[in-house]
Each structure stands twice: as structure tokens, then as C-alpha cells.
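Enquirer: First, the structure itself, so that you have it in front of you.
No lab work stands behind these numbers, since they all come straight from the coordinates. In this text, all values refer to a predicted model and were calculated from it rather than measured experimentally. Note: ideal-geometry Cβ built from the backbone for every residue, glycine included; neighbour counts use all protein chains shown.
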């Protein structure tokens, strides 16, 4: 990157309903994945409503004038619509002008980081404020192992070329290797397919993430030693954890996944938000890496400046985490419409 | 202005009238009325005003011609009057004007509603499109829900207890148990009324009026010729009406129905009477809370004391002012467009000494008929001559 | 199914999505939704678009029992069971009628509680998801 892009502020959204791994064990006899619980959309929520709230929070947290937003880039692969812009719905819901760049990214479970990557380049050339959002509540057949860790959340950033940001994006790099997907959804299919080819899947994951990370760090003259915080997108805690050497494991901050589970396109941005809120100190260096099968990885190098001010009535990621109600598996099936209603 | 009398009133059996359509129901009510009068033939009737909300759901327009056909009075001016549940109260109002103005001598006012034919989904749809679409409908609101909002607030502002609401149902079922025309003729206990399943908190199924098929009709005429037709004509001495915003949230207060307060004041002023002069009343208890509000809006008690009034038995047969001696909408039934004139039917019988739950020496009676959640209301005061 | 056509729903979008009221340029009264004649002074002048804050207090409420939902909310009720509807008195003084969400209708809802607007699915008709605002317990 020629110049850094400022992150003026961020916003998160996590639905209040949660389901524990114990519920799955009660019904299925086991739980596939190493998370404790995950978030569940309520009976009147979807990827669009979550995106609207996260975006609204980000706008309120930065205090920017909505009229100056020049781009909305939203990544989701669980929109209720396959043909209909989510970005335009967000603009209408929040009163943002509609004659700006309204971009939907839906290509994979990392669409949020794709949106960020594209957004950075667009804002670099266009100026103005970019509203970047990742939002997902992915579903698949309740009998599938992959279903166990699928959670729900949304996260948003406001980026710009100038101004006083709470952080700055100094560089980005995407992975450059090819892999045939083993986790995908065919057009017209209701559910995500995961072929569960474990070794292949892990191999692709490892290479994709590592390549992106290493290329990024090399270009920015960094080693893992220099980095303070790392977030890597994965389906649970173990998957990203395996990639980092024991020596540097404490830099990895994945705690949010322990609570929300795998929230697809929201995961990378939400992970970043959690670092901003809980861990980062002035001048800390952060590496953020996303991943999706059949797409690859985007890696970002971010420098933290200062904590975001808490605005009255705008919930922080911590407040969303603490706002919870556990539900039973039967209710879970109804809320996610995994059974015919 | 000429003086106006009621010389006859008729009513069909209320309830689930399977196989009977609007035609049979209206004819039932009309014929009962015609049998009460001497020297009056169908051809003497000069105009008809008929109230109905949806007329069975199959006829959007021109219902009046069908009703005129059923009563064999095709040819005279006839029109449907609509103000939701307040339709036939307004039909009576217009019938009154047409005689008081000197325009007509003999007029029919009535109503008919066929509600049991349609599916629950369609019925909920009807009630929905009769309410405020903008917000109320699209918040998942229902008709009982609206009155429930009024109940919650009344309980909050005045400490009204659930027992008061349930007592209204118990009283009205007691009255209806003697009414052969009533939809429900069994008594209920306070226990039953308190513990029934919730419809819209705090209202349960015993707080809500039923779905009813029914018709009612009243024959009005110039007082000067009334004794040609009956020995005991009843005079309409006061008539009032009002409207209010359709949606509850638009109103200043939801613990009173301003349209009813207005209509009552108008009627009492015209009749030169006060609430204390009323011996018996029929009020619009589409939900139990509505009867409590009616006590306060009409002026039978102070604002906020409606709950106390029912709990102290003031509106039972032995009370200060018996209310809904026919069973009310709750137990007798609520065939929406027909309710207004069905209330007149009860008071007419009371003032002629012909009622099953007779109030001794009843001379002055009042009816109170509300449309929707109070967007329309008519109050009529009748006097024995 | 109540038929609220797309055009009819669309016309009310600024109110349903963003609580846009019309501030009378003559007397300053907030008309919600904006009216041709100001409800206070009757002026036919311009009503300036003003988005309300979305904060308010529960003025009254009810809970629609299971099976009592109007047809377009029947599917939602299969998921959530009984739901609360409230008249909310917004901080600006206006009242609106809205569904409450993210709370237990029997345990959590009280007259006087503070609530805030959230963007949610309202219902679906003709395949189009009708979005709008519901209110949930306010958290500072």
C-alpha cells in the first residue's frame, strides 16, 4: 500500500440468544468443534438487520456526517436474497445517500474481508468515508458436523484517507495459491456443504493463511516477534491456534469465537473489533487474516492508536457479549428456520 | 324538529347460525318487529338504514339492495351505514334525523352481520383492515390487543384489578343465561373468568366478546302517529355521537373514549337529563375493559372508579344502575354491524316491561355503541311515554 | 393475508425505517408522519424532515397470546410464541405502536421502561421481506 488508511471507528453486533455446546451433546451425543457456545439470530433477525445495527453503531461511534459516506461495502454469504443489494438496504435503513458506491460481496465465508480489501483501494482513490461491514448467520443441514459451530454476528468499520483514526491499516496482502474448495454452497442449494476432508482442508487452510501472512509481513519488514496481536479466522478456536507456534500463541486473541462461534464474513472484522476493545494499546501492531475455502485469505497489518470512546446508547462488543439468553436446541431450530414452519 | 318514537324492535337469535345467511337473519329480525305492530305494513316503510361491517365478506358494495330484498321493501331509499361495531348505532341516528326533519314518517334502522362463515385468518384480516394500518396493524396488533393496551394503562393509572374485568364477564353471562336469544346461555364463575387462556394480556378469552352471526332491526316513526301502531311507543329523547383518531397512539389518553364522552354529553343535553336519571343501560362491552370505561365515559361514576363500580355490584339487577341486562356483547354476542340496534332492542323491552331481567319501573334507558377502539360512538337515550 | 402493497409499504419507509417526522415550518410541531395540514396549527407550509431519536418509554403494552397473531405474523409467532406490543412514548413527545423484541414479554415488560429502536424483520409478503423498527430494552 502506498499510504495508510485510517480506521476512524468500529461497531459490532451480536444477537442476544446463545446456545451451549452442551445442548448439542444433549441432542446429538457430541459436539464438533472447540467453542463453548455460539450466538443465534432471533426470530426477527437476519444478516441484513445485523449489518444495519453494526453499521449504525460504527457511524455513531465515529460521529461522522452520514452525507459524507462515499462507499458502503458489505460482505455476507447468508443474505435472505441472492439477487438484491444488501448495501442499498443498509443505506435506506440508516438514511445514507443512495447515489454512492453500494457494493455487495457474497463470494465466500470471508466476504467481509474482501469488502475491506476492496474498500481500502476504493477509498484511497475516491476519498470520503467508507463503511465496511461483514455480517453472517450461515445455516446448513442440522445433521451436518459443520452446522455445530455456525454462529451469527456483524461487524463494521469506518475508513478514510485522512483524519484521526483509532487505528491505521498500513498494508494488506491476499494469498496467491490455488485450492479446489472442499466447503461451499451450490447455487440453488439451501445448505452449506462441507466435504470434511480433514487433512486436505487443514492443508489448504494452513497454506492460504500462512502465505498471506508471510507475504504481508515480509513486505512490511515484520516478523512474528514484532507483532502484538493476531487474529485468524477459523471455524473454531483450535483451527487457527494450530498455525501459530507455541512461542507466539499468547499474541493470538480468539476469545470472541469462543462466544459467537463461526460467524463467516463477520468473523475477521469482529475479531479485529475485539482486539481493539480488549487488548490493543497505543502503537500496538496487529495482524488480521481471514480465510475461506475456495477463496483464500486476506491479511491486513494494522497499527493501533487509541481506544474508541464509549457513546451512550451505543452498545460495545463487551455489552453485546454480556447481553445474553441461553436457548434450547428446539428453539434454535425454529429461530434459524432449520425446520419447516 | 319532530319527536321520534320507536314502535317495534326485532332481533334474530345470536350465535353460530350455520346455514343462515344475511337474508334469513335480517328477515328473522324484521319479521319479529313487524309482528309487534298493528296497522303497519311493509309498504308503509319509507326508508331503511342498515349497518354492516363486511356483510359476510362476499359483497363489497350495494348491500342495501340485498337487505331490502330480504325485507321485501325494494324500491324505497336504503343505504348501508358503516362505522365498524358502531354501524347500527349510526344507522339509528340517521333514521332519527330523517323523521325529525319531517322528511319521513316511518323508517327502519337495523344491522346484520354474518361472521362465522369465514376462516380465522380472513376474520383477523377484516379486523386488521378496519384498524390503523400504518403502525398498529404492522406491529402485529390485533383488535383485542388494542383494548388490552387500554386495560393495561387503566390498571396502571387507577389500580383497576383483573377481578373487576372478570366480574363484568360473570355479570353479563348471568344476565344472558335468561336470554333465549343470547349466544351463550351458561353462567360462568369468577374463577373461570380469571384463569382462562390469554388472548392479549391482560385480556383472556373470557374478557373478549365472541364471533357472532346476527341481525337486529328497529321501526321508528313520527311520535304523533306512533299510537296507531302500538300502545307503548318509546321515545328517543336524546341522541349524541362523536369520532376520534383511529389509532390509539394518536389519542391524548387511552383510559377513556373521548367519542363516547362527547356522544354522552350531547345526548344528555338534548334530553335535558343527567346520568343519574338513567334506570337501565346497554353499553358496548366488546371487551370487559370497555364496559368499565363506559361507566366512566357516560358519567355513571367518577373517572377511574369503573372498576370499583362493578366490584361493588352497582350494575347488577339489584344495583344502582343495571347494565347489559341482555347479556351485553360478551355473552349475548356481537354481530358487529347489528349490535347498535340490538342494544336498542334490549332497552325497548325494558321500558315496555317485557324484559327477562326486568328492572322494576324502568322509565329511562340508555344505549352506548362504539366503533372500533373508539373512533366512533353513538349514545341514545330512550324514554317511556 | 392483509394486503399492504409494496407501493403502500414503500411510501411509509422514511417513517418505518428512520422515524422521520415532519416539523411544521410555521409552528414547530412534529407531525408523524408528515401531514399536509399541520395537526396543531393547520398550516399548509413545508414540513421539515426530522428523524426522531428512537428512544422512548413504554406507555402501555399487551401480550398477544399464542395463536392470536394476525396472518402475516403467524410464522413469526410459531418461532417466538407470545409477543409484546407497546405504545411507546418517544422522547420527543409522540406516541407510536410497535412490537417489542429481545425481551421476555411476561417477565421483562413494564410501563415506564426505557426502550430503543432496532431494525428488524417485520413480516414477509409477496416474497418481499418488510423491514421496519421494533423496540427493545434500552441499554446505556
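Enquirer: What's the average, rounded to a whole number, of partner chain beta-carbon atoms within 10 Å of each residue's beta-carbon in C:53-62?
Expert: On the way: counts 1, 2, 1, 0, 0, 1, 7, 14, 8, 18.
Average per residue, whole number: 5.
Enquirer: Here is a further query. On full extension of the chain, what length is gained from residue B:39 through residue B:302, given 0.36 nm per residue of separation minus the C-alpha to C-alpha distance?
Expert: 90.1 nm
Enquirer: If you don't mind, there's one more thing I want to ask. When all alpha-carbon pairs of the range A:39-148 are counted, what percent fall beyond 21 Å? Show your work: numbers first, answer last.
Expert: Numbers: 2065 of 5995 pairs.
Percent of Cα pairs beyond 21 Å in the range A:39-148: 34.
Enquirer: Based on the alpha-carbon gyration tensor of the range A:88-218 and its eigenvalue square roots a ≥ b ≥ c, which shape applies: rounded if a/c is under 1.5, prolate if not and a/b is larger than b/c, or oblate? Walk me through the numbers on the way to the answer.
Expert: Values: a/c = 2.50, a/b = 1.38, b/c = 1.81.
It comes out oblate by the Cα gyration axes.
Enquirer: Going by average Cβ density within 10 Å per residue, which order do the peptides A:98-105, B:261-268 take, highest to lowest?
Expert: By packing density, highest mean first, the sequence is B:261-268, A:98-105.
Enquirer: Under 19 Å from the 7 Å Cα→Cβ point of residue A:182, by amide nitrogen: which residues of the range A:290-310?
Expert: A:291-297
Enquirer: Can you compute the modelled spin-label distance between residue C:128 and residue A:22, with each label point 7 Å from Cα toward Cβ, in nm?
Expert: 4.6 nm
Enquirer: Label points 7 Å out from Cα along the Cβ direction at residue A:88 and residue B:227: separation in nm?
Expert: 7.8 nm
Enquirer: Averaging over all projection directions, find the projected area of the Cα convex hull of the range A:174-220 and quote it in nm² with one decimal place. Each step should come with its number before you reach the end.
Expert: Values: hull surface 15.8 nm².
Computing the convex hull of the Cα atoms and averaging its projections yields 3.9 nm².
Enquirer: Still on this model: Go ahead and collect, in residue order, the members of the range C:105-140 whose backbone nitrogen is under 16 Å from a label point 7 Å along the Cα-Cβ direction of residue B:156.
Expert: Under cut-off, by backbone N: C:105-116, C:135-138.
Enquirer: At a 10 Å Cβ-Cβ cut-off, how would you order A:59, B:211, A:321, fewest neighbours first?
Expert: On the way: A:59 24, B:211 18, A:321 21.
Ascending number of Cβ neighbours within 10 Å: B:211, A:321, A:59.
Enquirer: How big is the range C:2-98 on each of its three principal axes, counting only the C-alpha atoms and giving the largest first in Å?
Expert: 47, 31, 20
Enquirer: How compact is the range A:113-158 by the rule of thumb for globular proteins, expressed as Cα Rg over 2.2 N^0.38 Å? Mind showing how you got there, number by number?
Expert: Values: Rg = 15.3 Å, N = 46, 2.2 N^0.38 = 9.4 Å.
Cα Rg divided by the expected 2.2 N^0.38 Å: 1.63.
Enquirer: What area, in nm² and to one decimal, does the C-alpha convex hull of chain A cast on average over all directions?
Expert: Numbers: hull surface 64.1 nm².
Spelled out: convex hull of the Cα atoms, projected over all directions, averaged, 16.0 nm².
Enquirer: Still on this structure, please answer the following. Taking 7 Å along the Cα-to-C-beta vector as the label spot, tell me the residue A:66-residue A:193 distance in nanometres, rounded to one decimal.
Expert: Rounded to a tenth, the inter-label distance reads 4.2 nm.
Enquirer: Applying 1/(1 + (r/R0)^6) with R0 = 30 Å to the Cβ-Cβ distance of residue A:99 and residue C:25, what FRET efficiency is obtained, to the nearest 0.05?
Expert: On the way: r = 26 Å, r/R0 = 0.88.
Taking R0 as 30 Å, the efficiency between residue A:99 and residue C:25 is 0.70.
Enquirer: Stokes-Einstein diffusion coefficient for the range C:54-137 at 25 °C in a medium of 0.890 mPa s, Rh from the Kirkwood formula over Cα pairs: what value in µm²/s?
Expert: 187 µm²/s
Enquirer: Hey, got the Cα dimensions of chain B along the principal axes, in Å, largest first?
Expert: 54, 44, 38
Enquirer: If neighbour count is taken as other Cβ atoms inside 10 Å, put A:117, A:34 in order from fewest to most. Don't jump to the answer; show the numbers that get you there.
Expert: Values: A:117 23, A:34 16.
Neighbour counts put them in this order, fewest first: A:34, A:117.
Enquirer: Restricting to the protein assembly as shown, compute how many DSSP beta bridges are antiparallel as a %, nearest 5. If you can, show how the numbers build up before the last one.
Expert: Details: 112 of 146 bridges.
Within the protein assembly as shown, antiparallel bridges account for around 75 percent of the total.
Enquirer: Ignore the peptide's own chain and count Cβ atoms of other chains within 10 Å of each Cβ in A:79-87; give me the average, rounded. Numbers along the way, then the final one.
Expert: Working: counts 0, 3, 3, 0, 0, 2, 0, 0, 0.
If you average over the peptide's residues, the count of other-chain Cβ atoms is 1.
Enquirer: Using only the C-alpha atoms of the protein assembly as shown, find the volume of their convex hull and express it per residue in Å³.
Expert: Values: hull volume 146.6 nm³, N = 866.
For the protein assembly as shown, the hull spanned by Cα atoms encloses 169 Å³ per residue.
Enquirer: Calculate, for residue A:207 and residue A:330, the FRET efficiency according to 1/(1 + (r/R0)^6) with r their C-beta to C-beta distance and R0 41 Å; round to the nearest 0.05.
Expert: Details: r = 41 Å, r/R0 = 0.99.
That gives a FRET efficiency of 0.50.
Enquirer: Something else: What fraction of the DSSP beta bridges in the range A:168-304 is antiparallel, stated in percent and rounded to the nearest 5? Don't skip to the answer; put the middle values down first.
Expert: Details: 14 of 19 bridges.
Here the antiparallel bridges make up roughly 75 percent for the range A:168-304.
Enquirer: Out of all Cα-Cα pairs in the range B:1-63, roughly what percent, to the nearest whole number, are more than 18 Å apart?
Expert: Working: 934 of 1953 pairs.
It works out to 48 percent of all Cα pairs.
Enquirer: Averaged over A:45-54, how many beta carbons belonging to a partner chain fall within 10 Å of each residue's beta carbon? Write out the running numbers ahead of the final one.
Expert: Working: counts 6, 4, 0, 5, 7, 2, 1, 5, 3, 0.
That works out to 3 on average.
Enquirer: So for the range A:43-97, what are the equivalent ellipsoid semi-axes in whole Å, largest first, each being the square root of 5 times an eigenvalue of the Cα gyration tensor? Before the final figure, lay out each step's value.
Expert: Details: eigenvalues 82, 32, 15 Å².
With the √(5λ) rule applied to the range A:43-97, the semi-axes are 20, 13, 9 Å.
Enquirer: For B:300, A:179, what's the fewest-to-most ordering of other Cβ within 10 Å of each Cβ?
Expert: Numbers: B:300 23, A:179 17.
The order, fewest Cβ neighbours first, is A:179, B:300.
Enquirer: Classify the range A:203-325 as rounded, prolate or oblate, taking a ≥ b ≥ c as the square roots of the eigenvalues of its Cα gyration tensor: rounded when a/c is under 1.5, otherwise prolate if a/b is larger than b/c and oblate if not. Please report the intermediate quantities before stating the final value.
Expert: Numbers: a/c = 1.97, a/b = 1.32, b/c = 1.49.
Oblate, since a/c reaches 1.5 and b/c is not below a/b.
Enquirer: Further question: Going highest first, how would you order B:323-335, B:176-188 by mean Cβ packing within 10 Å? Walk me through the intermediate numbers first.
Expert: On the way: B:323-335: 30.2, B:176-188: 18.5.
Top of the packing list down: B:323-335, B:176-188.
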